[in-house]
Amino acid sequence: MGQMMKHLARILLALAAILSAAPAYAISNFQHIVIVVQENRTPDNLFMGMCLGFGGTAQCSTTDTNQYDIQTQNWLDKKRRGGTIRPQVLPLGNNYDPGHTHSDFLRMCDSSRVTGGPCRMDGAADVGCKGIGCTHPTQFPFYYVKPSDVASYFILAQSYGWENHFYQTNQGPSFPAHQFLFGATSAPSATDDAEGNFVSENIICDPKDDGDPHVKGRGCSNGCIAPPLATIQLIDKNGVENPDDKVDPCMEHQTISDLLEASSLTWNYYAPSEGMLWTAPVAIKHICGGEWRGGHCPPGSDFVNHFRQLAETTLISDVAQCALPAVSWVIPTGQDSDHAGSPNNVDGPDWVAIVVNAIGGSNCRDGGGTYWQDTAVVITWDDWGGWYDHEPPPILASPEGGYQLGFRVPMIFVSAYTPQGYIDGTFSADFGTIANFVENNFGIAEGSLGFADARAYRRLFPQDLRQFYNLNNAPRQFVQVPARKDAKWFLNDKSPPTPPDDD
């Protein structure tokens, strides 16, 4: 009996130790969400090397939902005899610059709506192309990225969570994409969103404004600090861009940041410079001010209080100083962007790895845990960039069906509570899903904005991004993501910041 009591006592002591340690790991929600937005790629283009045995043993299939949905051969090409083409390898930094306007989307989609079907996804014939190497414009989309150039991405995808069916919400370029990522809509107003009217293209500078020195070499400043004659194109609920239907690029509606502030939560927007089209908050009137001020939002504006220039250095510094806000949007400079068109754009994978490593390696603690134990990092790409992808987008019902959803882009979910190699192959998600995830995580009613966040909620309920983590589990130990360049290199880089894209 005595031995039994001693054994029972040891069990009770062990159980007490486990229970006493549990609160250090138990969290009810993430204290921080970091949204990293890279440029212009599809899963087939950027991640095909992962299926070829480089950087791991990823299993890929276009039919098995438990594997990475990446097509490695027989890409469809309507211009070739037999209808297929073998993809060729291309460095991450290259001279190609595929078109990715809404009209390019329509040509690449090759819609079969007339017969009641989706996009045919049979190539990119006649899509526009700029830059050196575009002498054969019908061939350039049929490339995948050299595997060794994106090894960090493969490691992140296979170490954490991957979404097989993640789509950009818009069918076009960066400006509307970043509006959806920040405010869950690219509509000028809430009324326009409800009616299916959205901003569909990047800003149009008027020569009569004589350019704008605040964004040198890139036309004019954007959004509410754009010159007086600048405009931006609208698309209607039927998916038609009327050339006469253009509006002022300064818009007015609620955004995710407004929901955060109403709940006394902090946010920052990290980007290369103030006036770029990728700096989404500058296009919202109540955030910036809504009046031409020569390329700057006024001092004291909500924008100035939350804008952090140069993500490469300020985000790392904020993490080091234990000053990471509740939600961060992080946009790279051109040097660290995955956008094609320059042989020098090769540092994107290292830059993303450094962001994750800064958070994972931080000793900062809040809410009882370290940053690694209470932060989720969502990594995605703002649009497809004109590159090939085999998955047709699930076009939404009217009135959004004229413009939503767009082509697939990669999405990786990183957290201490994400199972290694988790693949979600069941649900279709988009930028609205990220907004919906932010709402749910911080106890804000899902779909509160009534835009793409609400549409994602209706489409995915009870899923948003919750399938990527289980907060009841003990957090995984962080392992540094290998990168060719470290944080010190980025912190010491004194080259002038350039926009993440050149169109």
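Assorted remarks:
- Any hit, the stretch 187-196, residues being closer than 16 Å to Val247 by Cβ, of a type in the set (Val, Ile, Thr), modelled with pLDDT of 90 or more and part of a helix (DSSP H, G or I): yes
- In the condition set (1) charged (D, E, K, R); (2) in contact with a helix residue (DSSP H, G or I) (Cβ under 8 Å, 6 or more places away or on another chain); (3) in a helix (DSSP H, G or I), Asp338 is compliant with all but (3).
- Of all residues in the stretch 29-58, those satisfying the criterion of being at pLDDT 90 or above, assigned to a loop (DSSP other than H, G, I, E, B) and surrounded by fewer than 24 Cβ atoms within 10 Å (Cβ to Cβ) are Asn29, Gln31.
- For the stretch 336-350, the candidate set comprises residues that are of a type in the set (S, T, N, Q) and more than 19 Å from the chain's Cα centre (by Cα); within that set, the residue that is surrounded by the fewest Cβ atoms within 10 Å (Cβ to Cβ) is Asn344.
- When each of Leu471, Leu449 is tested for being crowded, with 16+ Cβ neighbours inside 10 Å, part of a loop (DSSP other than H, G, I, E, B) and at pLDDT 95 or above, the lone residue that passes is Leu449.
- Flag if Ile284 is in contact (Cβ under 8 Å) with a residue 60 or more places away in the chain, under 14 Å from His178 (Cβ atoms) and within 19 Å of the chain's Cα centre (by Cα): no
- Residue under evaluation Asn436, criteria (1) among the polar types (S, T, N, Q); (2) buried (at least 22 other Cβ atoms within 10 Å of the Cβ); (3) part of a loop (DSSP other than H, G, I, E, B), criterion not met: (3)
- Pair list, Cβ under 7 Å, 6 or more apart: the stretch 341-352 residue farther than 9 Å from Ser152 by Cα, other residue of a type in the set (Asp, Glu) and modelled with pLDDT of 75 or more: Gly341/Asp97; Asn345/Asp338; Val346/Asp149; Asp347/Asp336; Gly348/Asp336; Gly348/Asp338; Trp351/Asp336
- Looking across the stretch 157-176 at every residue that is in contact with a helix residue (DSSP H, G or I) (Cβ under 7 Å, 6 or more places away or on another chain) and not polar (S, T, N, Q), the one that is modelled with the lowest pLDDT is identified as Gly172.
Residue by residue, here is whether (1) buried (at least 23 other Cβ atoms within 10 Å of the Cβ); (2) closer than 26 Å to Thr266 by Cβ; (3) in contact with a helix residue (DSSP H, G or I) (Cβ under 6 Å, 6 or more places away or on another chain) holds:
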residue: Ile316; (1), (2), (3): no, yes, yes
residue: Pro325; (1), (2), (3): no, yes, no
residue: Val352; (1), (2), (3): yes, yes, no
residue: Val355; (1), (2), (3): yes, yes, no
residue: Gly367; (1), (2), (3): no, yes, yes
residue: Thr370; (1), (2), (3): no, yes, no
residue: Trp384; (1), (2), (3): yes, no, no
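- Enumeration of residues in the stretch 239-259 that are in contact with a helix residue (DSSP H, G or I) (Cβ under 8 Å, 6 or more places away or on another chain), on the phi < 0 side of the Ramachandran plot and of a type outside the set (D, E, K, R): Val240, Pro249, Cys250, Met251, His253, Gln254, Thr255, Ile256, Ser257, Leu259
- Tally of residues being crowded, with 17+ Cβ neighbours inside 10 Å, modelled with pLDDT of 65 or more and assigned to a loop (DSSP other than H, G, I, E, B) across the stretch 111-128: 3
- Any chance Asp302 is buried (at least 23 other Cβ atoms within 10 Å of the Cβ), within 30 Å of Glu201 (Cα to Cα) and at pLDDT below 90: no
- From Gln71, Gln88, Gln67, residue being within 30 Å of Tyr422 (Cα to Cα) and at pLDDT below 90: Gln88
- Residues in the stretch 398-433 that are crowded, with 18+ Cβ neighbours inside 10 Å, of a type in the set (Ser, Thr, Tyr) and assigned to a loop (DSSP other than H, G, I, E, B): Tyr403, Ser415, Tyr417, Thr418, Ser428.
- When Pro482 is tested against (1) out of contact with any Gly (no Cβ under 8 Å at 6 or more places or on another chain); (2) surrounded by 21 or more Cβ atoms within 10 Å (Cβ to Cβ), just one condition goes unmet, and that condition is (2).
- From Ser362, Ser328, Ser317, residue being of a type in the set (Ser, Thr, Tyr) and closer than 23 Å to Thr255 by Cα: Ser328
- Residue-level check: of (1) in contact (Cβ under 8 Å) with a residue 24 or more places away in the chain; (2) more than 21 Å from Tyr68 (Cβ to Cβ); (3) buried (at least 20 other Cβ atoms within 10 Å of the Cβ), Pro393 misses just (2).
The values are calculated or read from the model by the stated rules, or taken from the named source; none is laboratory data. Just so we're clear, the structure is a prediction, and the values are computed from it rather than from any experiment. All Cβ positions, glycine included, derive from the backbone under ideal geometry; neighbour counts span all protein chains shown.
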